[in-house]
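In what follows, a single structure is set out as structure tokens and then discussed.
We did not get these values from a lab; they are worked out from the coordinates using the rules stated. These numbers come from a predicted model, not from an experiment. Every residue, glycine among them, receives a Cβ derived from its backbone with ideal geometry; neighbour counts consider all protein chains shown.
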Amino acid sequence: MTEILLGSLVIMGIVVGLAMGLLAFRSRLLPSGDLALDVNDRMHLRAKRGVKLLDVLHGFDIPIPAACGGKGTCGLCRVTVLGDGAGTPQATERGVLSPRERRAHVRLACQTTLSGDCAVWVPDGILSAGSGFACTVASARMLAPLIREIVLDMPDDRLSTFRAGDFMQITAPAYRLDFATLELPEPFREPWEIAGWSEMRVSSEAAVTRAYSLANRPEDAGTAVFNIRLAVPPPGRETEIPPGLVSSWLFTVNPGDSVTASGPFGDFHVRPGTREMIFVGGGVGMAPLRAMIHQELGGGTDRRIRYFYGARAAADLFYSEEFEALARQHKHFSWRPALSDPAPGDRWTGASGFIHEILQAEMTRHAAPEECEYYLCGPPVMISAVLATLQRLGVEPDAIFYDDFGA
Amino acid sequence: MTDLWSLFLSAAFVDNMPLTLFLGLCTFLALSKRPESALGLGIAMTGVLGVTVPLNWLIYRGLLAPGAWTWAGMPELDLSYLSLIAFIGVIAATVQLLEMLLDRFFPAVHASFGVFLPLLTVQCAILAGSLFMVDRSYGFGESVVFGLGSGLGFAVAVVMLGAIRGRLAYADLPAGLRGLGIAFILTGLMSLGFASFAQMAMSQ
């Protein structure tokens, strides 16, 4: 008995002693108190030590975009930081930032921990954008089993700076959702039952923000059109892993509801020039490419445009009639949808296979694939497959522009 | 005095932690890509071993060893089963302290360590230092010398490997051997070299 008692006492004594010693050293060694943070030489903020720069900026209503939620992968939260307080770039930042950017003191706000005074420069548009604004849902409809089109009415002239390819950030409030209660249109109920998505539940304790590309056509002026894909967990784990926090919430909004958005932001745009343009999209990679193609065709371009779009089955293919009509209307535009896994009932007569295979088959017959410009948007797997294909075709990396959803 | 000196030499060379006993190989291989980070690791290892071995000696002799509680009238009390958990606690605290010191005074070294500094907490060579100290019934002076000696031996070995790997950056290696592959082969060759120290110690 004494052995157990004394043993526990000794261990507790050692641990408490070590902890006290460490705390004493910490109060001696690490400086405490607030630090000064200058933003664009205009705002002078005070912030706590040891906090991520992104959180500080968001706390002061500076809406730095962060599509990946601060995981250091999307590279959208690039800011210029001067001063010792920001430390040296982390390994995660070195993967995203180019050597030139690192020499210019560009950092990822989400990976920068503040340990002293420093000065930050953010794009002026972001500073004046404020913390987002409320807008109303004009319409919402399901396009595919997991894709929903949401149209938001934009107050004032919020979209006056919009360029095709831009994205906006949407904030979902704290909410709770049981997918069994979600009302689905008839044609989509069956795939949901089969996949077990109706058993999913999700709850979010705090406001969460994600970025979504705009799918606006010229005639959509005054509204913002989004294609929202529900981020579902891997098959078979529907009840363990919750689906995407913001995409789930956006599946519940109805016309008339209020949504908080900010933006538009972005640097994925069509480059001016005369070269032929090849668009390659998959899933909701549709959104920015649709905006770009409409902008180009609507602007009366005479550049040759091809649009390769990959979906799994006919049910996942949307806006198809729209692009068929465009292809009939414009001689220099061609629409190349392909299904990777057409269902027997689809009666699919078009191309089958992954979109990078279709692209390769068509572009090997092209006279000069290296003379074209490539705009890619889709899931990361698709992007890497297409990049490998383009490399085989001899396309230089500076003719390829892509947006891989910040993954 | 000569005893302590020979203990120091044997801890550093004959019983070299990574190359003779193959302890602490994970950090040994991971942080030896460049001589600078290897030197940083070597200094950190020397510091941590030099502090934790004597500190654990005090804790072991004063609280845990059989007979440590004779003064309180409990000569048969044996708390040595607690030594593993107590040693790890002391090592963790020392590493934390080291991390704070580096962060405050040498931020560049701190950044080059990255995740490997907290990992020193569970580095086997460091725990082995304390366990050997108990096993071989060292005195306090001996434990100081042993800790510093084995730390220095680790530092010498990792800086040597770092220097060789730095040079290999210019070598035209077969693709499969680049990186860790050649590092393992180098470690093996170096450990053959260190085996000669054991031979010298035996023949004396």
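What to note about this one:
- Model label sites at A:ALA231 and A:ARG49, defined 7 Å from Cα along the beta-carbon direction, differ in position by 3.4 nm.
- 5 Å binning of all Cα-Cα separations within the range A:277-403, expressed as whole percents from 0 upward: 2, 11, 23, 25, 22, 13, 5, 1, 0
- In the protein assembly as shown, the calculated helix contribution to ellipticity at 222 nm averages -13000 deg cm²/dmol per residue, counting -39,500 (n - 2.57) for every DSSP H run with n ≥ 4.
- In terms of the mean number of neighbouring beta-carbon atoms within 10 Å, the peptides A:8-19, A:182-193, A:167-178 order highest first as A:167-178, A:8-19, A:182-193.
- A cysteine counts as unpartnered when no other cysteine's C-beta lies under 4.7 Å of its own; in chain A this applies to A:CYS77, A:CYS110, A:CYS118, A:CYS135, A:CYS372, A:CYS377.
- For the Cα trace of chain A, dividing Rg by the Kirkwood Rh returns an Rg/Rh value of 1.05.
- Overall dimensions of the range A:132-265 by Cα: Rg and Dmax, Å: 15.0, 45
- Computed from the C-beta positions of B:MET202 and B:LEU131 and an R0 of 30 Å, the FRET efficiency is 0.80 to the nearest 0.05.
- In the range A:277-403, a dipole from Cβ-located charges (positive for Lys and Arg, negative for Asp and Glu) runs towards its positive end, and of A:PRO397, A:PHE354, A:LEU387 it is A:PHE354 whose Cα lies farthest in that direction.
- Square roots of five times the Cα gyration tensor eigenvalues for the range B:2-203, Å: 33, 20, 13
- Mean separation of Cα contacts under 8 Å, 6 or more apart, over the residue count of chain A: relative contact order %: 14
- Highest-MSF residue in chain B out of B:ALA108, B:ALA11, B:ALA72 [GNM, Cα springs under 10 Å]: B:ALA72
- Looking at the range A:55-156, the trypsin sites (Lys or Arg not before Pro) that sit in a DSSP loop and have at most 16 other Cβ atoms within 10 Å of their own Cβ are A:LYS71.
- Computed label-point distance, nm, for sites B:PHE184 and A:ARG163 using a 7 Å Cα→Cβ extension: 5.1
- C-alpha center-to-center spacing [the range B:1-66, the range A:167-237] in angstrom: 56
- Scoring B:54-62, A:47-55 by mean Cβ neighbours within 10 Å over their residues and listing the highest first yields B:54-62, A:47-55.
- Length gained when the stretch A:LEU9-A:ASP257 is fully extended (0.36 nm per residue, less Cα-Cα span): 83.3 nm
- Comparing mean-square fluctuations of B:MET74, B:MET100, B:MET17 from a GNM of chain B with C-alpha springs under 10 Å, the top value falls on B:MET74.
- Per-selection Rg to Rh, the range A:108-211 - Cα, Kirkwood hydrodynamic radius: 1.06
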